[in-house]
Amino acid sequence: MAEDSIAVVDLDRCQPDRCNYECANFCPPNRTGKDCIVTRGEFYGEDEPYDGGPDQIRISEEICLGESCGICVEKCPFDAIEIINLPSELEDDPIHRYGENAFSLYGLPVPERGTVTGILGPNGIGKTTAVRALAGEMVPNLGRYDAEIEWEDVLDRYRGTELQTYLERLVDDEVTVARKPQYVDEIPAQFDGKTRELLARTDERGVLDDLVERLSIDPVVDQPIDTLSGGELQRVALAATLARDADFYFLDEVTPYLDIGQRVTAARLIRELAEDGDRSMLVVEHDLAILDLLADSLHVAYGEPGAYGVITDPKSVRNGINEYLKGFLENENMRIRPEAITFEQHAPRESTKGKALVDYPDLHKSYGEGEFSLDVEGGTIYRSEVLGVVGPNGIGKSTLAKMFAGRLEPDEGDLDFRLDIAYKPQYVQIDQPMRVDAFLASITDDFGTSFWNTEIARPLQLERIMEQNLTDLSGGERQRVAIAATLSEEADLYVLDEPSAHLDVEQRVQATTAIRRYAENHDATVLVIDHDIYMIDLLADRLMVFDGEPAEHGHASTPQEMRAGMNDFLSDLGITFRRDERTGRPRINKPDSQLDRQQKREGEYYYAP
C-alpha cells in the first residue's frame, strides 16, 4: 500500500460467523498467494488472540493495493472495512494509533496560558483522544502501538514546537486538570445525592456562590441530582468544573440543553477564567456563534470519523470557522468536504398560510400550588409548515410538546386534536436490547427502500450504525436514530423536542435538511423546539415565542412571522446578531458594541443586513 494509505477494520462490525470471508476471497493479492487479508487467529496464533476474537480479519497495509482497489470494502456485507488514502500533507507519523487497522490521530491542539483554545470538527474524529493525551491520562504511542513509548519520546517529537513547554510541564507533574464531561445526562448514574453535595466537593477557588448565582442554579442546589433537567445538569457540570483550581480546563460541549442566554453566560464565564491568570482553556463546541464568542484561537479537526483524524495548527477563530464551513482549509491546501455549508443572507421566508391542520384554544397547565404554570395563547398550525418554538429553559416548551403529543392533559382548554402525532422527547432514552435496523424496521414498512434511504437514513448518517445495539450508541447516535424513528412514523403532526443536542455542525445541517425536505416532500407539518438559532432559522416558516419567569411561570405567544418572532425573542435576551460578510453566517455582537447598539435602536436583532 502507498505510504499515505491506511486500512481500518471496525471490530464491532466484523462478524465472521455471519459471512464467508468475502473480503479475503476476492482480495487480488490473496488470489495471487499473498497474505493480505487473513484472520487474526491465523496471524497471531492462539497465544496472542485479539479482544475482538481470533477469527476476525486483519489487513496487511504493506501488501494492500490501497483505495484504488477497494474490493474488500465493497464485498464486506457489514461495512466493517475502510481503505483510506491519507492527505499527502501528512508527512509525520500519527501521534497515536489504537492498534493495527485501528483509528489514528494526527496532531495535537496547543493550549496557551491565559487563552481559550477551540476545537471544531465532527464527532468521532479524535478530539477526546487528544484531550486525554494533553491531560496526561495516556502516553500517545506516536503510531507505534506495539512498542513501549515513554513521555521522553513524545517530548523529542515535539521539541522546538509550540507544544514543548506545555508537555514539559505535564511530564514534570506541574499541570492539574479539570474536565467537564460531554454527556451530562450520565452524571446521575455516577453520583447519588443532592446537587449542593456535588458542588461543595469542587469549590477549590472559593467562587462557587458566584457561579451558582450567575448560572441561575440556586433553585436546584438542594434537589437530588437525579431530578435535574438536562439544562440544569449542564449548568451544574459547568459550575463544578470552573470552581476547581486547575492549570488546564477541558470543556467538552458546553451548550447542549442550554438556551441562548445561558450559552452567552457560559461563554463569558469561560473567558473571564481564562483571562484571570495563566490558566489554559480547551473547548470543544458545535455552536458556531458561541465558539466565535469565547475562543481566542481555533484548531479544525477533519478526517474520517472512526478511521483517522487530523488536528490542524491553530487558526484565527473567524478564519477557522469560515474555512470549516467552506470545506477547504487554505494553509493545509485540503478539501475536507465536497460542498460548503451555507447560510441564508436574506430576510426570513414569507410563510404561506394554507389550510389549517388544527386550531388550538388558549391552554393552561399548572403543576400544583406554588409550582410552575404555563399559559398558551390559542392559535393555528397550518398544513405543510414547520413551526419553530423558542424560549428560555424552564419556561414550558417541553410541557407544550407533551400536551400536543397527548402525554400531558391541560388543566384548561380542550386539546382533542384527533390527529396522529409522532413525538421525539427532549431526552432520548433508548434501553431496548435490539439492533438499530430491527428497531427502525419495526416502525415503518418503508425501512430499507430507496426512498427511505435517500430521505432519512443517508442525511442522518445511519448506515454505519444500523447493526449496532441501541444500548451501545453514543448520545449523538441516539439522537439521529430518534429523529429517524419519529420521521418514519405515519403522522399528521411531527413534534421534535431539541433535535440538535449532541450533533456536530455537519450533522445539524444534515438533520435540518432531512427534516425540512421531509416536511416539503410529504406535505407534513412539523413542530420543532430547539435552542440552536441557526437550525430554527433554516427550518421554520413561523415562530412561537415563550417568555415569563423560568421555573415559575411561562407564556407562549400565538405563532407569528419569523422576523417579528426573532425580534421578540432576542430583544427579551438583549442579544443581537450580525452576518459575516464572507459566509453570511450569523455572529453574536459583543454587548454594547456599536453594531449592538445600532441594531437595538432599529429593532433588528437577527435579520439585520
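The values are calculated or read from the model by the stated rules, or taken from the named source; none is laboratory data. Note that this is a predicted model, so its numbers are computed, not measured. Backbone-built Cβ (ideal geometry, glycine too); neighbour counts: all protein chains shown. These accessible areas exclude ligands, DNA and RNA; they are computed on the full protein's heavy atoms, side chains included. Shrake-Rupley method; radii C 1.70, N 1.55, O 1.52, S 1.80 Å.
Among (1) of a type outside the set (K, R); (2) under 24 Å from A485 (Cα atoms); (3) not in a loop (DSSP other than H, G, I, E, B), there is one condition G565 misses while meeting the rest; what is its number?
Exception for G565: condition (2).
Name the residues in the range 178-198 that are outside any loop (DSSP other than H, G, I, E, B), crowded, with 19+ Cβ neighbours inside 10 Å and not β-branched (V, I, T), would you?
A178, R179, K180, D185, L198 - these are the residues of the range 178-198 that are outside any loop (DSSP other than H, G, I, E, B), crowded, with 19+ Cβ neighbours inside 10 Å and not β-branched (V, I, T).
From the list V175, V221, exactly one residue is open to solvent by less than 60 Å² (accessible area, probe 1.4 Å) and within 21 Å of P392 (Cβ to Cβ). Which is it?
Going through V175, V221 in turn, just one is open to solvent by less than 60 Å² (accessible area, probe 1.4 Å) and within 21 Å of P392 (Cβ to Cβ): V221.
Limited to the range 572-609, what total is found for residues that are open to solvent by less than 50 Å² (accessible area, probe 1.4 Å) and assigned to a helix (DSSP H, G or I)?
Residues meeting the conditions: 2.
Part of a loop (DSSP other than H, G, I, E, B) and open to solvent by less than 90 Å² (accessible area, probe 1.4 Å): which single residue out of T161, T165 fits that description?
T161
Going residue by residue through the range 432-443, is there one that turns out to be polar (S, T, N, Q) and in contact with a His (Cβ under 9 Å, 6 or more places away or on another chain)?
For the range 432-443, residues polar (S, T, N, Q) and in contact with a His (Cβ under 9 Å, 6 or more places away or on another chain): absent.
I'm checking my understanding of the structure. Among residues of the range 422-451 that are charged (D, E, K, R) and part of a loop (DSSP other than H, G, I, E, B), which one is nearest to V8 (Cα to Cα)?
It comes out as D431.
Restricted to the range 231-245, and to residues that are small (G, A, S) and out of contact with any strand residue (DSSP E or B) (no Cβ under 9 Å at 6 or more places or on another chain), which residue is modelled with the lowest pLDDT?
G231
I'm checking my understanding of the structure. Among residues of the range 474-484 that are touching a residue at least 40 places away in the same chain (Cβ under 8 Å) and open to solvent by 10 Å² or more (accessible area, probe 1.4 Å), which one is farthest from the chain's Cα centre (by Cα)?
A482
Can R337 be described as in a loop (DSSP other than H, G, I, E, B) and farther than 30 Å from D210 by Cα?
Considered against the rule, which asks whether it is in a loop (DSSP other than H, G, I, E, B) and farther than 30 Å from D210 by Cα, R337 comes out as yes.
Here is a check on your reading of the model: is V495 touching a residue at least 40 places away in the same chain (Cβ under 8 Å) and within 15 Å of the chain's Cα centre (by Cα)?
Taking the combined requirement at face value, the residue does not satisfy it.
Quick one: in the range 138-150, of everything that is open to solvent by less than 50 Å² (accessible area, probe 1.4 Å) and among the hydrophobic types (A, V, I, L, M, F, W, C), which residue is nearest to the chain's Cα centre (by Cα)?
Within the range 138-150, the match that is nearest to the chain's Cα centre (by Cα) is M138.
Out of the residues in the range 452-499 that are out of contact with any strand residue (DSSP E or B) (no Cβ under 9 Å at 6 or more places or on another chain), of a type outside the set (D, E, K, R) and in a loop (DSSP other than H, G, I, E, B), state the one that is modelled with the lowest pLDDT.
The selected residue is S474.
Could you please let me know if E520 is part of a helix (DSSP H, G or I), over 17 Å from the mean Cα position of the chain (by Cα) and not aliphatic (A, V, I, L, M)?
yes
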